[in-house]
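Asks: Let me begin by handing over the structure; questions about it come next.
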Amino acid sequence: MLALDENGMAGDIYFGTFDLGEEIVKGIKAGTIKWGIDQQPFLQAYLPVVVLANYDRYGVLPGNNINSGPGFVTADGLTKVEKFAGEFR
């Protein structure tokens, strides 16, 4: 975002990014960033272990897709996740 500001390009280009920290939240609020991806690394690492453990123990697999992220965060949904930005969960 600093490079965009220094080059006078902030808000002039379509900009999306990975991760969701405090600076990304500020950029989304300002309109400089269109979206950020909330990856939820805990769920992405934890759920596969649970699925494999259940398969090993009981021979069962989930019947459908488990959505553990990533989630696209835009200005429309920012208020729902803003307080968790930058936290490990």
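The values are calculated or read from the model by the stated rules, or taken from the named source; none is laboratory data. Treat the numbers as computed from the prediction; the structure is a model and nothing was measured. Here the Cβ positions follow ideal geometry from the backbone for every residue, glycine too, while neighbour counts run over all protein chains shown.
Asks: Can you report the number of residues in the range 62-86 which are in a loop (DSSP other than H, G, I, E, B) and surrounded by 10 or more Cβ atoms within 10 Å (Cβ to Cβ)?
Replies: Qualifying residue count, the range 62-86: 11.
Asks: Name the single residue that is nearest to Ala75 (Cα to Cα) among those in the range 8-25 being in contact (Cβ under 8 Å) with a residue 24 or more places away in the chain and in a loop (DSSP other than H, G, I, E, B).
Replies: Leu20
Asks: Go through Asp76, Asp5, Asp19, Asp56 for me and flag whichever is among the acidic types (Asp, Glu) and within 11 Å of the chain's Cα centre (by Cα).
Replies: Exactly one residue qualifies, and that residue is Asp19.
Asks: If you don't mind, another one. Of the residues that sit in the range 31-61 and are β-branched (Val, Ile, Thr) and loosely packed, with under 11 Cβ neighbours inside 10 Å, which one is modelled with the lowest pLDDT?
Replies: Checked the range 31-61; the qualifying residue modelled with the lowest pLDDT is Val49.
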